[in-house]
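One structure is given here, and the rest of the page talks about it.
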Amino acid sequence: MKLKIFNHQTGNVQETTLTSSSQSSEAEWLIGRGTSCHLVLDGSDVSRLHGKITLQNGEYFYMDIGSANGSCLNNEALPAKHAFKLKGDDLIRIGDFVLLIEALDESANNSLRSSGDVSIWKNLHGDFPIWSQGKITVRCVRITPETPDVKTFTFVAEPAVLFRYQPGQFVTLELEINGELILRSYSISSTPTRPHTLEITVKRVPAPSPDLPAGLVSNWLHNHLSVGSTLQINGPLGKFTCAPNPPKKLLLISAGSGITPMMSMMRWLADTVSPADVCFLHCARTPSDIIFRQELELMAARLPQVHLSISTTRPTLGQPWFGFTGRLTEAMLCTIAPDFLERTVYVCGPQEFMQSAKALLKRLNFPMQQYYEESFGAPKKAKQSAEPPKSAAAAPPSTAPSSSQSVVVFTQSGKEVPSGSDESILDLAEQAGVKIRSNCRQGVCGACKKRKLEGEIQYAQEPEALDADEQAAGYILTCVAASVGRVLIEA
């Protein structure tokens, strides 16, 4: 892409060309005041990370990534975090700067055209826009039973778009259940190589005990979502993917519904004719609980580089089984993938399963820089005995807590809660009855974002869902943030 950049305050004009360092039809260039940006615009009205230009399937898009002063495309103000397709002679206004798009290189389009996939080429360049980020309305067009308690829900967008995401990513569903807005994340089980539809595969969740409720959203989807139903999704989110350049050797390990992101990656690897050698181990309770069993077995039969292994943990009368049995062990791992030390490992499943798999690999001196895992809904910590929350206004101003005491004050709710170093601010809010919208509980969806008015916090893990401008404005992700001393939260 060739650009001419005008600064109407100084009159300076410069020309530049954005080029990709690879032959891929995907690339990204950051624009902003920060010196790490690909295109640096040194102006007071330009945010450190202001916007970005992306190349996707041979087409260029501009997105304002949440800047303080916004961006304009052809004199129209753009909403943040929405991608807009670019064409020759478009004008992007950022602060005092105007970027004129003089020319777009068609070589990426030519590479797609020569790939032989005529149908995708026509669709990408027909009347269908591409969805690659943000909120969108979808309609359910098919429901497929996978096992007695698992269903796949297939969606199309309204109006129609092509879904663009990385295999292994997830979306967040927005549902109104019992008069309350509920957010819940589900891995995408379909593949971006089939872009007209998007699928999630959901397991019905029974109540863990008579006095505890069953899975709210999963069971609601099973009971109430029907063909023709519409809902909103947000995404795609997450970094759990082997794309776009998969390692030469992969080991995928999943259990239960943790198979869904693995299936997205497996379908993508098959459709893109990847030469990657894949060992795939899936653990299920019984033979009838194996999600996608027929498709996986057919894939392994037709693709010599795919090596499928399945283990069941609960033998069932009337269901003969000749595969592995029991949980993952060193002997099973060495049988399935004797060269596991040379592979890149992706793990997804229940928390205990992943902890066990990770501990096993560490014990066997696996290079953990080649280890990736994915899960949603980290288990809540048990409530700790503490005095009932008291009104923040009732605390005597002259008796501030000592520096060693951590306290979270929720200013809008008037609650003040003592906190431990291992308790997230979201956990404390729920203990105190303070409503904070939440979803993934792992810092990747951004649903629990709140403004910190005062004090210091520390993160248990990187807050992926916050951009630099949001952090500069004082926003934190309460699900992965813990207080250090006295902290005031706008909630």
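The values are calculated or read from the model by the stated rules, or taken from the named source; none is laboratory data. Everything quoted here is computed from the prediction, not taken from an experiment. Note that each Cβ is placed from the backbone with ideal geometry, even for glycine, and that neighbours are counted across all protein chains shown. Accessible surface is based on the protein model in full, side chains and every heavy atom, while ligands, DNA and RNA are left aside. Shrake-Rupley method; radii C 1.70, N 1.55, O 1.52, S 1.80 Å.
Listing for the model above:
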| quantity | calculated |
| --- | --- |
| Residues that are farther than 15 Å from PHE97 by Cα and either hydroxyl-bearing (Ser, Thr, Tyr) or open to solvent by 10 Å² or more (accessible area, probe 1.4 Å) (or both), drawn from the range 38-54 | HIS38, THR54 |
| The range 201-246, subset of a type in the set (Ser, Thr, Tyr) and modelled with pLDDT of 90 or more, residue nearest to LEU183 (Cα to Cα) | SER218 |
| Residue match in the range 400-407 (condition: closer than 20 Å to SER185 by Cα and touching a strand residue (DSSP E or B) at 6+ places or on another chain (Cβ under 8 Å)) | no |
| Count - residues of the range 71-93 that are under 24 Å from PRO236 (Cβ atoms) and either in contact with a helix residue (DSSP H, G or I) (Cβ under 7 Å, 6 or more places away or on another chain) or part of a loop (DSSP other than H, G, I, E, B) (or both) | 8 |
| Residue identified as out of contact with any Pro (no Cβ under 9 Å at 6 or more places or on another chain) and under 21 Å from LEU308 (Cα atoms) among PRO195, PRO247, PRO261 | PRO247 |
| Every residue from the range 260-288 that is within 12 Å of THR191 (Cβ to Cβ) and among the aliphatic types (A, V, I, L, M) | MET262, MET263, MET265, MET266, LEU269, ALA270 |
| The one condition in (1) open to solvent by 30 Å² or more (accessible area, probe 1.4 Å); (2) touching a His at 6+ places or on another chain (Cβ under 9 Å) that SER254 fails to fulfil | (1) |
| All positions within the range 135-175 that are part of a strand (DSSP E or B), open to solvent by 30 Å² or more (accessible area, probe 1.4 Å) and farther than 30 Å from THR54 by Cα | VAL141, ARG142, ILE143, THR144, PRO145, GLU146, LYS151 |
| Among the candidates ARG327, ARG314, ARG293, residue that is closer than 29 Å to LEU198 by Cα and basic (Lys, Arg) | ARG293 |
| Residue among ILE259, ILE233, ILE200 that alone is more than 24 Å from ILE130 (Cβ to Cβ), in contact (Cβ under 8 Å) with a residue 12 or more places away in the chain and open to solvent by less than 10 Å² (accessible area, probe 1.4 Å) | ILE259 |
| Residues of the range 468-491 that turn out to be open to solvent by 10 Å² or more (accessible area, probe 1.4 Å), aliphatic (A, V, I, L, M), modelled with pLDDT of 90 or more and under 20 Å from the mean Cα position of the chain (by Cα), as a count | 0 |
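Each row is one residue, and each column tells you yes or no for (1) within 11 Å of ILE476 (Cα to Cα); (2) open to solvent by 70 Å² or more (accessible area, probe 1.4 Å).
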position: GLN405; (1), (2): no, yes
position: GLY414; (1), (2): no, no
position: ALA429; (1), (2): no, no
position: LYS435; (1), (2): no, yes
position: ARG441; (1), (2): no, no
position: LEU453; (1), (2): yes, yes
position: ALA460; (1), (2): no, yes
